[in-house]
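Here's the structure we're looking at; comments come further down.
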Amino acid sequence: MATADSKTGTTYATTDWNKYQQGRPPYPPSLTNLIYDFHRRQPSVGWERLVDIGAGSGIAATNFMADFKIIHNSDPSPWNEEQARAFLSNYAKEHGLAPELEYSQSTGEETYKHTGESAADLVIAATAAHFMDPDGLAECAAKILRPGGTLAVYSYWNPSFPGRSQHFHQTFGKTFDNLVLKSLESGDDANRARLAKVIERRMTGGGCLDSVPLPTDLFEDPKRVYINAGPGEIPYKYLYQRFFGPGKDVGGVSRVGEQDEIVRYTTDEDVEAEGWAFDAGKEWFPTFFNTIRPANSTMTEEETREAYKEWEQVFDEECPQGTLEKGS
């Protein structure tokens, strides 16, 4: 479960990362291949050191562990570093890998103070950029990277359900609203302000990372890839109006530049999008919701049954086989 923490500046300061992995989609090999294809195009490409900003337990870095000699895991939470040290060491041992593993506790904007400048070939920020100041993240990554290095910032959004009815999507949205957003809304004013800023970054433009700038004075050949995303606004954006008040726009100003290359890929049409759609049973959704709900938000069994009643009914009606294809 997620919990806002003012000391570390993260909403996932005390996360149980084993449960997080069970409830979140994995980053598929096609994503790693996309990043590598871009990285190889650089004239002075290197494969020595990777820095993972806002890393949590280090889950995202495992996709790259076989190819980099040094993995630096950076996160502001002491609890997350403790879990990362255990998780990454075990993962490397289980897969016969032996990279040098480094750790630091830092906000995303100041990671360079712990890694050194011009000290890495690849910097990643996986489903974490919305918790950081976008300009600060871009400037920090630029300082960390060596010439020819690559910054890969990526994320996913709430699931969509190919081939399912509008009622199906509306019921999912209603359930997500009742179980997740209303529980997040119940915090104090400071917490609500932090969440509003996170949501503003997430809701900007037509993609979850359009709030992140890629200025040409810091990065060459900026490229934005959208997978299974239409050209319109972000799905379920309307649910977040409560964090901004009536009459105020949900989301900030898009930082997509005129020089940014835009590419769109779709599952079952483009190999680059493979792995972002998979089958899920209805038992997966409470696990997913609980990775976002506040850690102190609990429900009785009766409250849980009532909360999921409408969602499970529409699921059973439209998915009698017990599973559906879910796109992230």
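The values are calculated or read from the model by the stated rules, or taken from the named source; none is laboratory data. Not measured: the values here are computed from a predicted model. Every residue, glycine as well, gets a Cβ built from its backbone with ideal geometry; the counts of neighbours run over all protein chains shown. When the accessible area is computed, the model is the full protein with side chains, heavy atoms only, and any ligands, DNA or RNA have been set aside. Shrake-Rupley method; radii C 1.70, N 1.55, O 1.52, S 1.80 Å.
Things worth noting here:
- Here LEU324 passes the criteria (1) over 17 Å from LEU181 (Cβ atoms); (2) of a type in the set (A, V, I, L, M); (3) assigned to a helix (DSSP H, G or I) except the one numbered (3).
- Tally, over the stretch 258-275, of residues that are assigned to a loop (DSSP other than H, G, I, E, B) and either out of contact with any helix residue (DSSP H, G or I) (no Cβ under 9 Å at 6 or more places or on another chain) or open to solvent by less than 70 Å² (accessible area, probe 1.4 Å) (or both): 9
- Pairs meeting the criteria (first residue in the stretch 92-106 and open to solvent by 90 Å² or more (accessible area, probe 1.4 Å), second residue part of a loop (DSSP other than H, G, I, E, B), beta carbons under 8 Å, at least 6 apart or on different chains) are HIS95/MET65; HIS95/ALA66; GLU100/LYS69.
- Cβ pairs under 8 Å, 6+ apart, first in the stretch 269-294 and farther than 30 Å from ASP37 by Cα, second open to solvent by 60 Å² or more (accessible area, probe 1.4 Å) and hydroxyl-bearing (Ser, Thr, Tyr): PRO294/SER186
- Applying a threshold of 8 Å to beta carbon distances and a minimum spacing of six or more residues, or different chains, the list of pairs starting in the stretch 63-85 at a residue that is charged (D, E, K, R) and ending at one that is part of a helix (DSSP H, G or I) and open to solvent by less than 50 Å² (accessible area, probe 1.4 Å) reads ASP67/TYR36; ASP75/GLU81; ASP75/ALA84.
- Any hit, the stretch 45-68, residues being within 28 Å of GLN22 (Cα to Cα), open to solvent by 50 Å² or more (accessible area, probe 1.4 Å) and in a loop (DSSP other than H, G, I, E, B): yes
- Helices (runs of 4 or more DSSP H) contained in the stretch 116-187 and holding at least 1 residues surrounded by 20 or more Cβ atoms within 10 Å (Cβ to Cβ), in contact (Cβ under 8 Å) with a residue 60 or more places away in the chain and in contact with a Gly (Cβ under 8 Å, 6 or more places away or on another chain): 134-144
- Here the stretch 198-235 is the region considered, the condition is being among the polar types (S, T, N, Q) and either free of Cβ contacts under 8 Å to residues at least 40 places away in the same chain or open to solvent by 20 Å² or more (accessible area, probe 1.4 Å) (or both), and the residue that is farthest from ASP249 (Cα to Cα) is THR216.
- Positions within the stretch 276-319 being under 28 Å from PRO28 (Cβ atoms) and part of a loop (DSSP other than H, G, I, E, B), in sequence order: TRP276, LYS282, GLU283, THR291, ILE292, ARG293, CYS319
- Residue match in the stretch 240-248 (condition: open to solvent by less than 60 Å² (accessible area, probe 1.4 Å), assigned to a loop (DSSP other than H, G, I, E, B) and closer than 16 Å to ASP210 by Cβ): no
- For the stretch 21-44, the tally of residues that are open to solvent by less than 40 Å² (accessible area, probe 1.4 Å), touching a strand residue (DSSP E or B) at 6+ places or on another chain (Cβ under 8 Å) and not in a helix (DSSP H, G or I) stands at 3.
- Subset of the stretch 42-85 [charged (D, E, K, R) and closer than 19 Å to GLY116 by Cβ]: GLU48, ARG49, ASP52, LYS69, ASP75, GLU81
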